[in-house]
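The values are calculated or read from the model by the stated rules, or taken from the named source; none is laboratory data. Everything numeric here is computed off the predicted structure, so don't read it as measured data. Don't worry about glycine lacking a Cβ; one is built from the backbone with ideal geometry, like all the others, and counts go over all protein chains shown.
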Amino acid sequence: MKKKTRNKVYVGIDIGGTKIAVGLVDQAGKLLAVNKCPTPCHSAPGTGARIFHLVEKLVRELLDGEGMSVSSVRGIGLGVPGIVRPDHLDILITPHVGLSRYPLAALLERSFKTKVVLGNDVNLGVLGEKWFGAGKGINNIVGLFPGTGVGGAIIIGGQLITGAQGAAGELGHMILDLHSSQKSAGLYGTLEALASRRAIERAIKKAVARKVPTVITKMQKGKLGTIKSQVIAEALRRKDPLTVRVMNEACHVLGQACVSLRHILNPDMIILGGGVIEACGDYMLPRIREISAADPFFKGIDDCRVERSFLGDDAIILGAVVLLKQVLGEKITSGVDYYPKLRADQKGNIWVNDKLVRKNIYIRADGKVKKINGAAVFNELDRSRRLGISALRRVCKKGPKILIVGSARRRLRITQEGKKFLKEHLVQTRLLDVKGAVKAYNAAKGRKTMVVYRREA
């Protein structure tokens, strides 16, 4: 098959504690497509080699999907959760991933014959937010990202602060409670030990061991191994007393951390991101903001905004490309907002960018609107009102984080095979009526895709 002719693209990679995400970014800063998979267990032997082969596979699949060859890649930027050498070439420490001292950059350079640069994942996430997201046009920013651990980043005067060994911004290791028995990365009472997802998970498990009831036990069918952020968010929505108490404690800790950071760095903005904030931000942000704003020292002096990450999962991928372009000495453009604006009325009529659409449609993660026109992959909708794997492959082609499905009277469902496909590709799903789906789509951050099926059964 003949490859499409296209300008050079950049590859951004986010290697996290739970997933690996790879994206293709064009010269205008538009994220073309994303490919994802779970991260291998970091404690198993040979983790570095497995991650390398997974990343290599994900990049090649993306290029094939876009009809591009390896020669189209201008360079690769890569984010890891840990400490990276200041020259952006070597990984020093990655506590939660198992890449410490592994020559990942050199191996990728050899495989793709292009420049590869490395950076701390949260540093890159905040760099992405500065250029394309919540921090656009702002030069003094602190990032605080509670996820599996708690990452941080500092931008002062528009410049990312990395420190003598590249370890500046490891804000999760700030000690906030000298008397705490909770430990993370060998230190007691740190922000990470008190407010990360693992810390929240640990607090819930300890309470359950003391016979404290929680809806999470039922949600997880009695198995409290890993409690994901989405489960915690659902428990909050159900107003589970234990979850509310634990999350209020985490909010208090994060709020106090924001107070300390204002005193130390006096930023214009603190950006909160990471898996915990993405899932539970609607509950957490007002409480964190209230604590930060109550600091008497800064009353009437500054106006430090505490904001949620705008880019979500895309931030690290885009920030990795920003770092790459900085190293290459290339101009950085501000990116493109390519998601359409939707609205719907009570009757289920839908407008896309103020144009009335009378057809059943789906919107891909690159923002392109496609009609559901009776093609074979969607025929099953008329018969069973089920989205099967063939339709989902088409809808999710560009690598969304979330799939939103809107249908009359919420009648549309997903086949078991389709559910398995979505789980394997780490795609969250929401099944709503048309009006609810439109509202959810407009509010969703990061890569999103949508099916709107108006036909009455």
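No other residue among Ala203, Ala193, Ala207, Ala235 is in contact with a Gly (Cβ under 9 Å, 6 or more places away or on another chain) and part of a helix (DSSP H, G or I) apart from Ala193. It is to be established whether one or more residues within segment 349-369 are touching a Phe, Trp or Tyr at 6+ places or on another chain (Cβ under 9 Å), basic (Lys, Arg) and without any contact (Cβ under 8 Å) to a residue 60 or more places away in the chain. Among the residues of segment 349-369, at least one is touching a Phe, Trp or Tyr at 6+ places or on another chain (Cβ under 9 Å), basic (Lys, Arg) and without any contact (Cβ under 8 Å) to a residue 60 or more places away in the chain, which makes the answer yes. All of (1) touching a residue at least 60 places away in the same chain (Cβ under 8 Å); (2) buried (at least 22 other Cβ atoms within 10 Å of the Cβ); (3) part of a helix (DSSP H, G or I); (4) not charged (D, E, K, R) hold for Ser260 with one exception: (2).
Leu323 - would you say it is touching a His at 6+ places or on another chain (Cβ under 8 Å), touching a residue at least 12 places away in the same chain (Cβ under 8 Å), of a type outside the set (D, E, K, R) and in the same structural domain as His88 (by TED's automatic domain parsing)? When the stated conditions are applied, Leu323 passes them.
Restricting segment 137-153 to residues that are at negative phi and of a type in the set (Gly, Ala, Ser) leaves a set whose member that is surrounded by the most Cβ atoms within 10 Å (Cβ to Cβ) is Gly143.
Looking at Leu58, Leu99, Leu63, just one residue is part of a loop (DSSP other than H, G, I, E, B) and buried (at least 19 other Cβ atoms within 10 Å of the Cβ), and that residue is Leu99. In this structure, is Ala105 part of a loop (DSSP other than H, G, I, E, B) and of a type in the set (A, V, I, L, M, F, W, C)? Taking the combined requirement at face value, the residue does not satisfy it. Please determine, by comparing only the residues of segment 10-39 that are of a type in the set (Ser, Thr, Tyr) and not in a strand (DSSP E or B), which one is nearest to the chain's Cα centre (by Cα). Within segment 10-39, the match that is nearest to the chain's Cα centre (by Cα) is Thr18. Scanning segment 215-250 for residues that are of a type in the set (A, V, I, L, M, F, W, C), closer than 25 Å to Ile291 by Cβ and over 25 Å from the mean Cα position of the chain (by Cα) yields a count of 1. If you go through segment 263-285 and keep only what is β-branched (Val, Ile, Thr) and in a helix (DSSP H, G or I), you end up with Ile264, Val276, Ile277. Inspection of segment 108-124 identifies no residue that is in a loop (DSSP other than H, G, I, E, B) and under 17 Å from Pro81 (Cα atoms).
Which of the residues that make up segment 213-237 are farther than 25 Å from Gly17 by Cα and surrounded by 14 or more Cβ atoms within 10 Å (Cβ to Cβ)? Passing the criteria: Thr214, Val215. Of the strands (runs of 3 or more DSSP E) lying entirely inside segment 356-457, those containing at least 2 residues that are under 24 Å from Val22 (Cβ atoms), at pLDDT 85 or above and not β-branched (Val, Ile, Thr) span 448-453.
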